[in-house]
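K.L.:
What follows is a single structure, and I will ask about it in a moment.
The values are calculated or read from the model by the stated rules, or taken from the named source; none is laboratory data. For clarity, every value in this text was computed on a predicted model and none was experimentally measured. So basically every Cβ, Gly included, is an ideal-geometry build from the backbone, and we count neighbours across all protein chains shown. Only protein heavy atoms, including side chains, enter the accessible area calculation; ligands, DNA and RNA are left aside. Shrake-Rupley method; radii C 1.70, N 1.55, O 1.52, S 1.80 Å.
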Amino acid sequence: MSSTGFAHQTIAADHGATAEVTAFPATEAHRQIRDTRPLRLITCGSVDDGKSTLIGRLLWDTKAVKEDQAATLRRDSGQQNDLGLPDFALLLDGLQAEREQGITIDVAYRYFSTDKRSFIVADTPGHEQYTRNMATGASTADLAVLLVDARAGLLEQTRRHATIATLMGIRQFVLAVNKIDLVGYDQARFDAIAREFRELALSLGVRQITAIPMSALKGENVVLDGGAAMRWYDGPTLVEVLEQATVRSGQTVGFRLPVQRVSRPGESFRGYQGTVAGGSVKPGDSVVILPSGMVANVAKIVTFDLVRNAAVAGDAITLVLDRQVDISRGDMIVSLEGQPQIGLHFDAQLVALQAEGIQPNKRYWLKSGARRQRVTVQPVQKLDLQSGKWVGAEALAMNAIGKVHLSFDEQAIFDPYEANRATGAFILIDPDTNNTVAGGMITAKRSSMGGLHQDDARVILSLPADLAEEILASALFAARRDEVDIRRVTAAKASALLDEIDG
Amino acid sequence: MQGTAHDTRQAERPSKAPLDPHLKALENEAIHIFREVAAEFERPVMLYSVGKDSSVLLHLARKAFYPGRVPFPLLHVNTGWKFAEMITFRDEMVRQYDLDLVEHINPRGAAENITPFTHGSAFYTDVMKTETLRNALDAGKYDAAFGGARRDEEASRAKERIYSFRTPDHRWDPRNQRPELWNIYNGMIRKGESVRAFPLSNWTEVDIWRYIQAEEIPIVPLYFAKKRPFVERDGMMILAEDKRLELKPGEVLQEDMIRFRTLGCFPLTGAIHSHATTLDDIIAELETATVSERQGRAIDRDQSGSMEKKKREGYF
């Protein structure tokens, strides 16, 4: 043991409920570079936080709303607010039922752009019973804008939204402290809310956080800056943050091509069509076909725009191999190095999307990439969104977020969601209704079904505090934090404790 | 050592500039959807309206299945009242790209003399477009139909899924749509049910034009400004090239540089004054436009919530 005097942490981690679990390394899945691909974001807020006004303001100030649309709004509502703007809620609530009830029912997608970039906004309802819609919107989002009313500060809803966004893999948060004008542009108030939110986000493992004081109604710090009203704030406007945000992509893991279809236009050509779901590929690369395990080399990459020398994550391509191999839809072509996990048993987190919930031991269809197979789902825990703690559960009701065990009839192929969103995500389909009943994220492969004695197995680690902080910040760790005991001690004390165990 | 992927791609496209990453991402997404539907459904069909969105849709379909043929037919729901230039263009595309075209015209139009002039645009659209579409889809036993609808077009479309589930009588229930997460689409249906698939869901009007320009996609010449004869009717400029247009009392034939932002049935589609004779002009015009493209479409304005109502009944 070192005796440098630095503080050490002792971490005891339990090994899962019934089985030995192979933990995946938690890797940063997205590239940290700016590009001009559309940024997908989700806006979350409670009913009266002014979400419609914020989105309306974004569309209005970037000129995404045209005059005839505004005229229709004015005609429909016969009213406008005191700034002479149309009622944005009417613009956004596109369905008749929504306009009649004055609430947003379903996730909608909005489009706007600036000189620098274009944006796709998933606009989701604020009501608690619509967790599923938020999960839907968050599934494709790169960034979450969490809206709070400056007068009310953080609500339970804020914690809930932040938790769901984190679970769905979002690692960039903007806290929009709205209606700052109604608290007299009070900097102390803003600072207090921002500080509280920062603590919440850090506890969820999110470190990219920007808090912005704004008045969506007056258009301050949304697209245009707040000017004289908030001289104390010199940070970016919302749009400036969005322009700088990063887009996720699966480039850091190995090559993945889920095969969507086999193209055989003639005897002489056989190509495998799909969208690269991770890494990159070039002619000459050796690849493995899963689940069969056969090996081949890439002969060429065919696209409509001539033959290419390389393809990267996100590219829709046709791959030609150098030999005849048996490949069909649902197979995955992957790099030799860094292959995904294959197995019959996986751990996952999921969001229950339908009224019938998720029933234990029911057989569902699972679709991931182009692969659809039978699966049995055993719920283990559910997340108590009020406390942020996981509690035991045997079934999952609608809107519940749960941890489950998945058991397949045939080999399944996954990466952990944390490492690759495209190959770690799945949906569950009820074979009785054909409806999509859950969205899920793979956390780990269960490499063996252990005996009962495995339940109590724990590991005590003693490690430098800075390393511990790194581990604690990982999403994999955050997801199971409640199972972990942590004590901060000096190196000498840790050494003494371990000596005691060794007897 | 290989160069970066970006460099290589530049080298491969000597004649064209590389597609900007924004359009490339939209293209990739659309191709993915095309392939997924083609693989999962037994009898897909592509709705082909001959307009600019259809031109982009067709181009993407060709890209998705290259080097193979487009593995499904194109369905044109013809009302008999389309612009003549649209039909010429359509037939040229079919010939040039070796496509299978299925054309449907509702016989009720001729039998009962249902025209946009004699009947209101709401009734006319219901019979000649919605009913014809339903009949055509039933006749072909199609279980999936691609459409070129975009979510930025209209408020109810903003809520629609990429795979939009339809009952056996083609109804859309906006309150009971299947959740759609990531890019994983649920294509499971029972016999008689179908899915409308929208590969262009996330495209905006400007994206469409920029892509047409970047990919050099052919479009109907009516999109470009030209001196054309027209009459003003119900606040719209109606093209007067077709001899089926009869002047009402007080209407006068005018001529000016005009073009169309969308193309439908000529008596129901209004032109705009424009000097945009090239794609650059059109994009420049669009960027300063203060009205939406559907402003020229009579059918959207029949009543509040018009589009949602039509969609519930089976319209695209």
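K.L.:
Given the C-alpha centroids of segment A:214-273 and segment A:107-160, what is the distance between them in whole angstrom?
P.N.:
14 Å
K.L.:
Related question: Averaged per residue, what accessible surface does segment A:317-456 expose to a 1.4 Å probe, in Å²?
P.N.:
Using a 1.4 Å probe on heavy atoms only, each residue of segment A:317-456 averages 38 Å².
K.L.:
So what J values fall out for segment A:267-275 if you push phi through Karplus, 6.51 cos²θ - 1.76 cosθ + 1.60 with θ = phi - 60°, rounded to Hz, Gly and Pro as x?
P.N.:
Going residue by residue, I get 4, 8, 10, 9, x, 10, 9, x, 9 Hz, with x marking Gly and Pro.
K.L.:
Of the trypsin sites (Lys or Arg not before Pro) in segment B:72-158, which ones lie in a loop per DSSP and count no more than 13 other C-beta atoms within 10 Å?
P.N.:
For trypsin sites (Lys or Arg not before Pro) across segment B:72-158 that sit outside H, G, I, E and B with at most 13 neighbouring Cβ atoms in 10 Å, the list reads B:K141.
K.L.:
Still on this structure: Just to confirm the filter: which trypsin sites (Lys or Arg not before Pro) across segment A:289-384 are DSSP coil and have at most 14 other Cβ within 10 angstrom of their Cβ?
P.N.:
In loop regions of segment A:289-384 (DSSP not H, G, I, E or B), the sparsely surrounded trypsin sites (Lys or Arg not before Pro) are A:R323.
K.L.:
Probe radius 1.4 Å, ligands and nucleic acids left out: can you give me the accessible area buried at the B-A interface, summed over both chains, in Å² to the nearest hundred?
P.N.:
Buried surface at the B/A interface: approximately 6100 Å².
K.L.:
Under 15 Å from the 7 Å Cα→Cβ point of B:K191, by amide nitrogen: which residues of segment A:368-383?
P.N.:
The answer is none, because no backbone nitrogen lies closer than 15 Å to the label point.
K.L.:
Next question. Principal axis extents for chain B, Cα atoms only, whole Å, descending order, please.
P.N.:
75, 47, 36
K.L.:
Ok, one more. Tell me the label-point distance for the pair B:R233, A:R151, using the 7 Å Cα-to-Cβ offset, in nm and rounded to one decimal.
P.N.:
About 5.4 nm separates the two model spin labels.
K.L.:
Work out the charge dipole of segment A:341-449 with +1 on the Cβ of Lys and Arg and -1 on the Cβ of Asp and Glu about the Cα centre, then indicate which of A:Y417, A:V380, A:T436 is farthest towards its positive end.
P.N.:
So the residue we want is A:Y417.
K.L.:
How about segment A:191-249: which trypsin sites (Lys or Arg not before Pro) there lie in a loop by DSSP and see at most 15 other Cβ atoms within 10 Å?
P.N.:
A:R207, A:R231
K.L.:
Can you check how the C-alpha radius of gyration of segment A:346-426 compares to 2.2 N^0.38 Å, as a plain ratio?
P.N.:
Ratio of Cα Rg to 2.2 N^0.38 Å: 1.08.
K.L.:
Given a 1.4 Å probe and heavy atoms of the protein chains only, how would you sort B:M128, B:M257, A:M398, largest accessible area at the top?
P.N.:
Heavy-atom accessible area, descending, gives A:M398, B:M257, B:M128.
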